[in-house]
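Read through the structure below, which is laid out as structure tokens, and then see the notes.
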Amino acid sequence: MTLVMMSTTAVPVLMSLRSIASNASQQIWWAFVFGYAVIWLGFALAASSLQLAIAELNLFDSQNSLNKILSGGLLITAGLYQFSSLKQKCQSECVAPMQFFIRHWRDGVNGSFKMGLRHGVTCVGCCWALMLLAFVGGLTNIWFMVLSATVMAIEKFPVIGRRITLPLGVLIIVWGVAVLASLFTK
């Protein structure tokens, strides 16, 4: 699911690579894709391990979090991350694929693989907190996943992406506070 969601956000960088390396072999392109996928596979394995640990504590079922403190905490953490300098740095790398390649270009299949790894790390740095919201919205909730993938893809558009990041952070924080506040309203 992670790779499917993040493949949509990788389209701009993959199209840029295709235009830059149009005369290169398909191996160059696939090496980049493989490097990118390795990073996201690592993230998916870490998130799955977290899911198992949370489920073992009976805080999570197959759908979503069963604990409002966990849900509220994840939401507030993800919302605050939207304001972090690391998020801003990673997002600036993601919204400008040509600049990424100008700064980080490596020749050959091995170089392309390393660029894929680097871009994957940058992409995880941009999206990890939003991805963890699947624990709140439901790991098997297709509509939440579509919404999340759409938001992450929009965040990678140069102009609009930067405009929605901070308001999105506020919205997510408010959602988290509302979830936590609901603990006291019963």
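Any read-out appearing in this document is the output of simple, stated calculations on the displayed coordinates, not a laboratory observation. Please read all numbers here as calculations on a predicted model, not as lab measurements. Backbone-built Cβ (ideal geometry, glycine too); neighbour counts: all protein chains shown.
What to note about this one:
- Loop trypsin sites (Lys or Arg not before Pro), segment 50-136, which have at most 16 other Cβ atoms in a 10 Å radius of their Cβ (DSSP): 106
- Environment charge of residue 130, counting only residues whose C-beta is closer than 10 Å and scoring Lys/Arg +1, Asp/Glu -1: 0
- Total lysine pairs in the chain at Cα distances under 21 Å, for residues eight or more apart or on different chains: 4.
- Evaluated with a Cβ-only charge set (Lys, Arg +1; Asp, Glu -1), segment 2-184 carries a dipole of roughly 520 debye about its Cα centre, given to the nearest 20.
- Formal net charge of residues neighbouring residue 120 (Cβ-Cβ distance under 12 Å; K, R +1; D, E -1): +1
- Other residues within the sphere of radius under 13 Å centred on the Cβ of residue 11, judged by their own Cβ, net out at +2 (K and R +1, D and E -1).
- Cleavage-rule hits, chymotrypsin sites (Phe, Trp or Tyr not before Pro), segment 93-181, DSSP coil, Cβ neighbours within 10 Å at most 16: 105
- Residue 41-residue 182 pseudo-label distance in nm [points 7 Å out on the Cα-to-Cβ vector]: 3.7 nm
- Residues residue 30 and residue 162, FRET efficiency given R0 of 30 Å [Cβ-Cβ distance, rounded to 0.05]: 0.45
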